[in-house]
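First the structure, in the form of structure tokens, and then the observations on it.
The values are calculated or read from the model by the stated rules, or taken from the named source; none is laboratory data. This is a predicted model, so every value here is computed, not measured. Note that we place each Cβ from the backbone using ideal geometry, even for glycine, and neighbour counts take in every protein chain shown.
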Ligand code: GLU
């Protein structure tokens with residue numbers, strides 16, 4: 001599409017709460033669409049609901065956007081030629097737009113009280129009228145009279161005038177196809193409330209029109225608002241953008257994603273240790289697939305290949321297991337040093353194993369630990385439990401009861417530990433390879449299976465039977481500690 005050069009999309013969160021996964025995916029799609037088309041990605045803060053919008057939430061949303069790596073070309077902090085990017089700063093713009101529509105006869109003042117509206121609705125119900133919306137009572141008040149009533153201070157709302165004979169309003173949705181709405185049912189809906197604030201359907205269109213938004217990508221909970229918004233575009237004389245309503249995100253039980261399903265906000269995922277790249281990768285595939293196969297899609301690929309043609313209209317299922325799998329893929333693709341620097345060491349500090357700003361070991365030790373733990377980790381904080389044995393005092397290491405029963409309290413265990421002491425004491429160059437070379441001959445020498453020899457050693461040093469390779473494990477623990485722990489474990493061995 002050559003017109004892609006001019007694509008302008010926006011993500012317009014309301015700061016009434018944190019950024020949730022659904023919003024995050026909407027933001028990702030807008031960002032990716034802008035990047036893939038060479039367009040502009042705009043962030044706008046829809047803070048017109050004063051009772052529920054807070055600065056704190058705005059800051060949380062901005063932080064979440066930055067953590068997701070979704071850089072915006074226009075909006076808070078970066079500015080742009082189409083400001084303001086905060087709806088509360090646009091109130092005069094909305095008022096001016098609404099009054100212009102009134103002056104042009106495309107909107108009108110309505111003086112109906114809530115009581116009158118309720119009585120009209122009840123009457124329509126009793127008449128069994130299929131249309132129970134606004135009865136257009138004020139639509140034909142003479143404009144001069146209406147103005148006089150406004151000037152006299154009578155409370156009013158402003159309603160859009162759905163043109164007579166408008167017929168069906170068809171939303172040409174890039175995801176859902178054509179969706180038809182009957183214009184009559186749209187009502188002459190309110191665009192300005194009696195308290196002087198614009199309604200969502202009006203403010204959003206005024207902003208989208210003045211910002212030159214070409215494509216509106218948002219959740220399909222807004223699909224039913226769209227015919228009304230089209231009415232506003234038409235009244236304003238602004239071109240209607242392309243709409244793409246993306247499906248809801250459901251939990252694995254098929255219900256709308258909520259707290260019951262676990263974490264829902266972006267920062268909960270960040271704090272749980274997910275990597276931004278993996279999280280963006282996972283969310284981007286909830287409803288979009290470049291080829292139906294790939295599960296790992298780099299940010300670069302997303303930013304170059306995203307297209308609305310491959311967005312599904314079916315609800316997407318958020319499956320934490322798949323997210324963990326993808327996070328693991330990203331961790332496993334890191335080299336050992338990166339894993340040590342970006343995952344392991346920060347986690348060791350966070351767990352309090354090492355004092356802030358200090359490293360108790362040399363770089364080679366962390367690299368070795370990274371190499372040992374990386375293949376066994378799908379989420380950063382998992383390294384904490386796995387590395388804990390390396391930070392225990394030898395005399396205080398706790399033994400897992402089951403492992404003791406299974407491997408230490410068994411005939412032959414004592415013999416295996418004695419042989420290990422002898423073999424290990426002779427190792428000079430304390431490396432995984434040298435340790436393995438020293439231990440390798442023992443099963444044959446003792447006439448025992450490998451498990452019967454190596455598992456008691458592992459339990460003695462780690463406290464449980466689960467650990468990386470025996471050579472790495474012992475190398476990391478250090479020779480003196482290994483020998484001391486084996487001595488201690490002999491008391492439990494038969
Ligand atoms: N502020 C609205 C919301 O968060 C924006 C909806 C839209 O994209 O039009 O739901």
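At-a-glance table
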item: Yes/no for residue 344 being surrounded by 15 or more Cβ atoms within 10 Å (Cβ to Cβ) and under 18 Å from residue 271 (Cα atoms); result: yes
item: Residue identified as buried (at least 22 other Cβ atoms within 10 Å of the Cβ) and either out of contact with any strand residue (DSSP E or B) (no Cβ under 6 Å at 6 or more places or on another chain) or at pLDDT below 95 (or both) among 103, 107, 64; result: 64
item: Single condition residue 203 does not satisfy, out of (1) away from the ligand (no atom under 14 Å from the Cβ); (2) more than 16 Å from the chain's Cα centre (by Cα); result: (1)
item: Every residue from the stretch 25-57 that is in a helix (DSSP H, G or I) and away from the ligand (no atom under 12 Å from the Cβ); result: 25, 28, 31, 32, 33, 34, 35, 36, 37, 55, 56
item: The stretch 207-218, subset buried (at least 23 other Cβ atoms within 10 Å of the Cβ) and part of a helix (DSSP H, G or I), residue farthest from the ligand (Cβ to nearest atom); result: 207
item: Search result, residues across the stretch 321-340 that are out of contact with any helix residue (DSSP H, G or I) (no Cβ under 8 Å at 6 or more places or on another chain) and surrounded by 15 or more Cβ atoms within 10 Å (Cβ to Cβ); result: 324, 325, 328
item: Sole exception among (1) over 21 Å from residue 24 (Cα atoms); (2) surrounded by 15 or more Cβ atoms within 10 Å (Cβ to Cβ); (3) more than 11 Å from the ligand (Cβ to nearest atom) for residue 237, by number; result: (2)
item: Single match in 82, 94 (criterion: assigned to a loop (DSSP other than H, G, I, E, B) and in contact (Cβ under 8 Å) with a residue 60 or more places away in the chain); result: 82
item: Pick from the stretch 167-179, criterion away from the ligand (no atom under 15 Å from the Cβ) and in contact with a helix residue (DSSP H, G or I) (Cβ under 9 Å, 6 or more places away or on another chain), ranking: nearest to residue 138 (Cα to Cα); result: 167
item: Single unsatisfied condition, residue 187 versus (1) within 16 Å of the ligand (Cβ to nearest atom); (2) closer than 18 Å to residue 98 by Cα; (3) free of Cβ contacts under 8 Å to residues at least 60 places away in the same chain; result: (1)
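The rows are residues; the columns are (1) out of contact with any helix residue (DSSP H, G or I) (no Cβ under 6 Å at 6 or more places or on another chain); (2) under 25 Å from residue 325 (Cβ atoms).
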position: 378; (1), (2): no, yes
position: 386; (1), (2): no, yes
position: 389; (1), (2): no, no
position: 410; (1), (2): yes, no
